[in-house]
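For reference, the structure discussed in these notes is given below.
The values are calculated or read from the model by the stated rules, or taken from the named source; none is laboratory data. The model shown is predicted, which means the values in this text are computed figures rather than measured ones. Here the Cβ positions follow ideal geometry from the backbone for every residue, glycine too, while neighbour counts run over all protein chains shown.
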Amino acid sequence: MKLMNFHQIKEILKNKIIGIAGCGGLGSNCAVALARVGIGKIIIADFDTIEESNLNRQYYFFDQIGKKKVQCLKENIHMINPNVKVEAHNIMLDSNNIVDIYRNCDVIVEAFDKAKMKQMIIEIVSEELQETPLVVGLGMAGWGNNNTLHSKQLDNLFICGDEVREVSEELPPLAPRVGIVANMQANIVLEILLK
């Protein structure tokens, strides 16, 4: 790892484009972490609205309940760093629109809740955007067990989480572990961009 001061880091990051697929616990927290370090542009996409139950782990506020996640995340990012360009797509991502939305990204971050959606984006990016690194979150439900969280690389696929603890009624997603994995994803993005 080459050592750099924050000014040097921001000079590199200000011209980078990051795509974030999903604006829930992983996506909102990862986007905020990247905005804080000066990423130039973030492309976000989600179709959902904020519910009170989201506030236990997602980067939204009580007065944003009932509003669209992409619009609120864009506003929250601009309150943190108004220099970040945010392209927001209020859309349900699927195999027909992922490539068009994220085609020009330097790195894509997967931030879906459902395993089926995770598999879909992994397949599409590996087939149609092979040169673009994809950072996924896998296994972050519950609490505790910090030592089980890790990251690994498989070619252009980077996995963050414990790869085991999937969300269930008895093992809900909670702010600490979700936040750790979201920040691991942001850290992997920086590793990719700054090497």
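Tabulated data
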read-out: Wholly within the range 73-180, strands (runs of 3 or more DSSP E) carrying at least 2 residues that are surrounded by 14 or more Cβ atoms within 10 Å (Cβ to Cβ); value: 85-90, 107-110, 134-137, 157-161
read-out: Residue match in the range 57-66 (condition: out of contact with any Gly (no Cβ under 6 Å at 6 or more places or on another chain), exposed (fewer than 14 other Cβ atoms within 10 Å of the Cβ) and on the phi > 0 side of the Ramachandran plot); value: yes
read-out: Meets criteria (among the aliphatic types (A, V, I, L, M) and either within 19 Å of Phe158 (Cβ to Cβ) or buried (at least 21 other Cβ atoms within 10 Å of the Cβ) (or both)) for Ile39; value: yes
read-out: Residues that are surrounded by 17 or more Cβ atoms within 10 Å (Cβ to Cβ) and farther than 16 Å from Cys105 by Cβ, drawn from the range 1-25; value: Gly24, Gly25
read-out: Filtered residues of the range 1-37 (kept if polar (S, T, N, Q) and in contact (Cβ under 8 Å) with a residue 24 or more places away in the chain); value: Asn15, Ser28, Asn29
read-out: Test for Asn83: is it farther than 15 Å from Ala111 by Cα, touching a residue at least 60 places away in the same chain (Cβ under 8 Å) and not hydrophobic (A, V, I, L, M, F, W, C); value: yes
read-out: Subset tally (residues that are more than 27 Å from Arg57 (Cβ to Cβ), charged (D, E, K, R) and under 17 Å from the mean Cα position of the chain (by Cα)) for the range 93-134; value: 1
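For (1) in a strand (DSSP E or B); (2) hydrophobic (A, V, I, L, M, F, W, C); (3) within 17 Å of the chain's Cα centre (by Cα); (4) modelled with pLDDT of 95 or more, each residue gets a yes or a no:
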position: Cys23; (1), (2), (3), (4): no, yes, yes, yes
position: Gly27; (1), (2), (3), (4): no, no, yes, yes
position: Ile44; (1), (2), (3), (4): yes, yes, yes, yes
position: Leu55; (1), (2), (3), (4): no, yes, yes, yes
position: Val70; (1), (2), (3), (4): no, yes, yes, yes
